[in-house]
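The values are calculated or read from the model by the stated rules, or taken from the named source; none is laboratory data. Just so it is clear, the model here is predicted, and its values are computed rather than measured. Don't worry about glycine lacking a Cβ; one is built from the backbone with ideal geometry, like all the others, and counts go over all protein chains shown.
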Amino acid sequence: MGTARNVGEHVSHALRLIRTQAGLTQTAASKRDGAPDFRTLSHWETKRKNPSLLLLGRYLDSMGLDFRDFQVALDAIAAGSGQSGTDPIEVLEDRFLQAMKALEQRVVALERPGA
C-alpha cells in the first residue's frame with residue numbers, strides 16, 4: 001500500500017513541479033486549451049484524485065510537454081532531491097530548455113523560404 005501512496009505523491013508532485021516551472025498558477029494553467037478546470041487540477045496536485053491517462057496527456061500537451069517529460073519529472077522526484085546530485089527542478093528545467101530549443105528550430109525551419 002505504501003508504494004501506491006508514493007506513486008500518488010510522485011504524480012501530484014510532478015504535476016505541481018511542471019506547472020510551477022512553467023511559471024503558472026493553477027488558475028492560469030487551467031485556462032490553457034486542453035487543460036483541466038481549476039478544481040480538477042487542484043485535486044490532482046493535492047492527491048485527492050489521479051488523472052486518467054487521457055486527461056493527463058491532454059494536460060501535458062497544453063503545457064507543451066509529453067509523457068516522456070512527465071516520466072523525467074517522476075524519475076527525478078523518485079530519486080529524491082539531493083540524492084546522486086539529482087534535483088527534480090534542474091532536471092525538469094533542462095528538459096524544458098531542450099523542448100524550447102527544439103521548438104525554436106522548428107519555427108526557424110518553417111520560416112525559411114521553400115520550407
**Fill in**
Within the stretch 54-77, residues being part of a loop (DSSP other than H, G, I, E, B) and in contact with a Lys or Arg (Cβ under 9 Å, 6 or more places away or on another chain) number 2
**Unique residue being surrounded by 10 or more Cβ atoms within 10 Å (Cβ to Cβ), at pLDDT 70 or above, of a type outside the set (Phe, Trp, Tyr) and part of a loop (DSSP other than H, G, I, E, B) when the list is Pro51, Pro113** = Pro51
**Complete:** Counted residues in the stretch 33-48 being in contact (Cβ under 8 Å) with a residue 12 or more places away in the chain and surrounded by fewer than 16 Cβ atoms within 10 Å (Cβ to Cβ) come to 6
**Fill in**
Expected output for the stretch 95-115 (first residue under 30 Å from Ala76 (Cβ atoms), partner surrounded by 11 or more Cβ atoms within 10 Å (Cβ to Cβ) and among the β-branched types (Val, Ile, Thr), Cβ below 9 Å, 6+ apart or cross-chain) is Arg95/Val72; Phe96/Ile18
**Request:** Under 8 Å between Cβ atoms, at least 6 apart or on separate chains: pull out the pairs that start in the stretch 9-22 with a residue that is touching a residue at least 60 places away in the same chain (Cβ under 8 Å) and end on any residue that is of a type in the set (Val, Ile, Thr).
**Result:** His10/Ile77; His13/Ile77; Ala14/Ile77; Leu17/Ile77; Leu17/Ile89; Gln21/Ile89
**Item:** Residue count for the stretch 15-48, restricted to those that are within 17 Å of Ile77 (Cα to Cα), modelled with pLDDT of 90 or more and of a type outside the set (Val, Ile, Thr)
**Value:** 6
